[in-house]
Amino acid sequence: MPDQSAVVGRSHRGLRVRVAERCREITEARWFATAVFLLILGNAVVLGVETYAGVTARWHTELQAVEHLVLAAFATEMVLRAGAHATRPWGFFRDPWNLFDLAVVLAAFVPAARENSTILRLLRLARVLRAARFLPQLRIVLVAVGRSLPGTVSFLLVGALLLYVYAMVGWVFFAAHDPEHFGSIGRAVLTLFLLMTLDGLGDAVHAGLEISRWSFLYYVSYVLIASFVLVNVLIGVVINSLEEAREIEKDEAEKLQAEELAAGQGDVPDEARLRERIEAARRALDDIESALPSLPPPRAHAAHKDGSVTEGV
């Protein structure tokens with residue numbers, strides 16, 4: 001008689017497999033992704049409508065009902081996505097997008113957040129960012145922005161150092177003649193920061209030439225380094241991060257498919273696999289028997305004393 005605990009364990013594993021398969025069929029369906037995406041857009045539209053005081057005062061109850069329905073729909077989506085990982089629950093938490101979606105949905109149920117209208121609006125606004133989950137190219141761009149942050153920080157440090165050096169040089173040479181733009185280190189930094197975008201460069205160069213003709217070299221060298229060299233370096237960092245994000249997205253997709261395939265094969269009960277193999281063996285034997293030609297029955301052989309054999313009829 002089989003062990004009762006083993007039978008219960010196999011039954012639970014089989015139930016988890018069926019739940020995971022069913023939830024995976026729903027969450028991976030095209031209509032499900034489209035419905036959630038439209039729900040996110042609808043949530044964004046409702047947020048925009050609530051900025052009109054007249055509409056909010058007139059349709060306050062209806063807008064609250066829509067918000068509760070949207071929150072219930074998002075909670076149902078999270079339950080289905082978690083159910084798709086019923087065979088391996090920790091797989092749900094390994095996806096950063098699942099963690100982000102779960103945090104946004106659960107935060108709406110926190111009493112402190114629900115009582116604070118500002119925090120609640122920000123949380124509802126964060127739901128709009130979930131649209132990136134259903135737009136692969138936008139998701140890759142967001143990942144690339146995150147990976148480019150270390151390089152961007154280095155770029156900002158170099159840019160700040162460049163601004164400070166040129167601001168000090170500008171204060172030394174132009175403070176007395178142009179105090180409005182170079183009267184202090186703060187004003188000089190602000191002036192050079194605006195010049196980095198090439199805004200008002202012509203006026204600045206003409207004003208500098210009235211002070212000294214050598215100011216032309218000051219402005220030209222600054223613009224070449226700040227507006228061309230540094231900006232191109234930043235673009236290179238972002239493009240490199242974008243390529244890395246594409247590779248990461250591809251590797252994660254392949255890894256997820258491999259894990260789902262392994263989970264689907266590894267969680268099938270041993271008894272069910274054994275029965276499938278037995279049925280396959282039986283079918284193979286039946287095919288072999290049907291393919292063999294009908295053979296005549298064996299004949300009797302008579303042996304003589306001298307050792308010769310006579311075939312019987």
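The values are calculated or read from the model by the stated rules, or taken from the named source; none is laboratory data. Note that this is a predicted model, so its numbers are computed, not measured. Positions of Cβ are backbone-derived with ideal geometry, glycine not excepted, and every protein chain shown enters the neighbour counts. Calculation scope for accessible area: heavy atoms of the full protein, side chains included, ligands and nucleic acids excluded. Shrake-Rupley method; radii C 1.70, N 1.55, O 1.52, S 1.80 Å.
As a length-normalised measure over Cα pairs under 8 Å and 6 or more apart, the relative contact order of segment 107-190 settles at 14 percent.
Could you order SER241, SER154, SER221 by accessible surface area, starting with the largest, using a probe radius of 1.4 Å? Don't skip to the answer; put the middle values down first.
Details: SER241 5, SER154 65, SER221 35 Å².
The residues order as SER154, SER221, SER241, largest area first.
In this rough spin-label picture, where each label sits 7 Å from Cα along the Cβ direction, the LEU224-PHE93 distance is 5.6 nm. Note on TYR164: accessible area approximately 130 square angstrom, rounded to 10, probe 1.4 Å, nucleic acids and ligands left out.
D for segment 77-189, whole µm²/s, Stokes-Einstein with Kirkwood Rh over alpha-carbon pairs at 10 °C and 1.306 mPa s: what number? After rounding, the answer is 86 µm²/s.
How big is the dipole moment of segment 84-192 about its Cα centre under a simple scheme where the beta carbon of each Lys and Arg is +1, that of each Asp and Glu is -1, and everything else is neutral? Debye, nearest 20, please.
Working: 11 positive and 5 negative charges, 144 e Å.
Approximately 700 debye in magnitude.
Over segment 56-110, with every protein chain in place, what whole percent of the accessible area is carbon and sulfur at 1.4 Å, could you tell me?
73
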